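Note sheet for the following structure.
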Amino acid sequence: MNELEDKLALYLRVKLAAPDLTIANLARIPGGASRETYRFRACYAERGKPIDRALILRRDPVASLIETERSAEYRAYDAFHKLGLPVPEPIALELGSEALERPFFIMAEVENCTTGGIMSPEPYGPHRERVGRQFYSVLGKIAAADPKAIGLDDFDGAKTVRDAASHEVARWEKVIDEDELEPQPIVRAALRWLKRNPPPPAQKICVVHGDYRTGNFLVDDNGEIRAILDWEMSHLGDPLEDLAWAIDPLWAGADPARPGGMIARAEALRIWENASGLQADPKALHWWEIFASLKGAAIWISAAREYEEGRNIDPVNAFSGWYCLSVHNRVLAERLAAEIGA
Amino acid sequence: MRPEVGTILGLSVQKLAMGIGQEGAAFAQGTVGLLSMVLSLSAKEYERGADIRVTENREIRALFAELAPSVEDSKLRAELTEASASSDPTLRISDLNAANYKLRRLLTRLLIDAEEHGALDAQKRIWAVLNALAERRLVQLGP
């Protein structure tokens, strides 16, 4: 840790033009499984005034839960922070390996907050209504943003409203093809159903967060959402993709009537529609909900392979390959069987 | 269930041997908590693993025996008939898995055949088995 601390200090002295900068309390923290995440304080003087900044370092691991594009994540933080949404301020991005051995980025830490646990029946306790209203409102604002106006129209993903669905199915089918360790009849059936029953074209192409859910944002003691995190899977696509992922039964799914352990589904959709100016068309959303569970299954299949092959032995990968995949298999089986009245 | 229990036990020991405390208290606490959870789940899987696989293999074979006669594709029908008469060589997890993977691959082909022929009743029977399979393999976090 001392070596990392020294290298980080050297880097930030130049980056922040602060030759006296020192690093304090550098510690790795859990979460963000596809990047190593560290908390630290940078202490320096700026125009004679002492500064003590709480910062977060996100560094590429040797192997990742999902292969993600780090500059896209950083640019998403930057764009939505500037738009005034609750997103941590990005500080620096390094794509080379010279400074800290692997690519990384640094952002402001939003202090004195917690995330909700995805396995908790009440992840936000008495604040669930307040948190839920903000959660879907912020998601609606992300969907409403014009990718070109915020400088993200070159992101990976769908290019037209007609290919949003097929682009994502192809993306995750490739992951399953590459990483499947054992035959997955339910997942394969889901892929065929998604291809046979394409949804209506997207209402628009927006920036999709890609992992917008319970557990991926910070809430303060008053139930105020202070930071939307983990933009590493952000891409261009159908706004309904994020909405369907947010209401997937895996996230705090003790009460299906209150997805994510927050507000009632109908209210969630209404708030999202008001904030986005878009429609949560039931037929289209139904397709994206099945897709969400398929996408989850693909991620968990990939995690199991990373773990089994020893590329990333973080136990979260074993947990994902067992628990999360078993939940999504059951969700998919129930939904697909219902499609034919079984 | 992949990774298998043996892999999880081995890699958990390896993770502990890496000295997770060096990363700081918060990270170590999180990692130990997760290790504890996957080891606890491994204990449950050790208890139920053979039963799940034997039951699943039996149900898939019974399904094949039931649906094979109505399959038009003679090659697929022959494979289904042969698989329906197969049995698990031992109760070792590795042997049960090998048989299970063959059966699940064939189950996928059977479902595709039923979808392509619009055989709704066959699809319903297959989904009943798949639903039971998913329910049985659902990982329970509680005691």
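The values are calculated or read from the model by the stated rules, or taken from the named source; none is laboratory data. Predicted, not measured: the structure shown is a model, and the values here were computed from it. We place every Cβ from the backbone using ideal geometry, glycine too, and count neighbours over all the protein chains shown. Surface accessibility is based on the protein's heavy atoms, side chains included, excluding ligands, DNA and RNA. Shrake-Rupley method; radii C 1.70, N 1.55, O 1.52, S 1.80 Å.
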Original post:
When the C-alpha atoms of segment A:137-285 are aligned to their principal axes, what extent does each axis show, in angstrom, from largest down?
Top reply: 46, 39, 28
Subject >> Heavy-atom accessible surface of chain A: percent carbon and sulfur, 1.4 Å >> reply: 49
Subject >> For chain A: accessible area per residue (Å², 1.4 Å) >> reply: 38
Original post:
At A:Thr22 and A:Glu46, where each label point lies 7 Å from the Cα along Cα→Cβ, what is the point-to-point distance in nanometres?
Top reply: 2.0
Subject >> Listed residues B:Met37, A:Met107 arranged by accessible area, highest first, probe 1.4 Å >> reply: B:Met37, A:Met107
**OP:** Report the full-extension gain for the segment A:Glu98 to A:Arg192: residue separation times 0.36 nm, less the Cα-Cα distance, to one decimal in nm.
**Re:** 29.3 nm
Subject >> Spatial separation of Cα centroids for segment B:122-143 and segment B:1-39, in angstrom >> reply: 29
Original post:
Rolling a 1.4 angstrom probe over the protein heavy atoms, how many square angstrom per residue are accessible across segment B:37-111?
Top reply: 52
Subject >> Summed buried accessible area for B+A [probe radius 1.4 Å, Å², rounded to 100] >> reply: 3900
Original post:
Put simply, what bits of segment B:112-143 lose 50 Å² or more of accessible area when the other protein chains are there, versus the chain on its own (1.4 Å probe)?
Top reply: B:Glu115, B:Lys124, B:Trp127, B:Asn131, B:Ala134, B:Leu138, B:Val139, B:Leu141
**OP:** Would you mind giving the average projected area, over all directions, of the Cα convex hull of the protein assembly as shown in nm² with one decimal?
**Re:** 23.8
Original post:
Given a cut-off of under 8 Å on Cα pairs at least six residues apart, what relative contact order in percent is computed for chain A?
Top reply: 18
**OP:** Could I have the simple spin-label model distance between A:Asn112 and A:Glu129, label points 7 Å from Cα toward Cβ, reported in nm to one decimal?
**Re:** 2.5
Original post:
Got a sec? Which residues in segment A:132-171 would a label at A:Glu69 touch, if it sits 7 Å along Cα→Cβ and we count backbone N under 12 Å?
Top reply: A:152-159
Original post:
Dividing the convex hull volume of the alpha carbon atoms of segment A:226-340 by its residue count, what do you get in Å³ per residue?
Top reply: 135
Subject >> Three-way shape call for chain B based on the alpha-carbon gyration tensor, with the a/c threshold at 1.5 >> reply: prolate
Subject >> Count, lysine Cα pairs under 16 Å in chain A, 8 or more residues apart or across chains >> reply: 11
Original post:
Roughly how tilted is helix A:164-179, in degrees to the nearest 10 and between 0 and 90, from the longest Cα axis of chain A?
Top reply: 80
Original post:
Normalised by the residues of segment B:1-94, what does the relative contact order come to in percent, with Cα pairs under 8 Å and at least six apart?
Top reply: 24
**OP:** Take the Cβ-Cβ distance between B:Glu47 and B:Leu16 as r, set R0 to 30 Å, and report the resulting FRET efficiency rounded to the nearest 0.05.
**Re:** 0.85
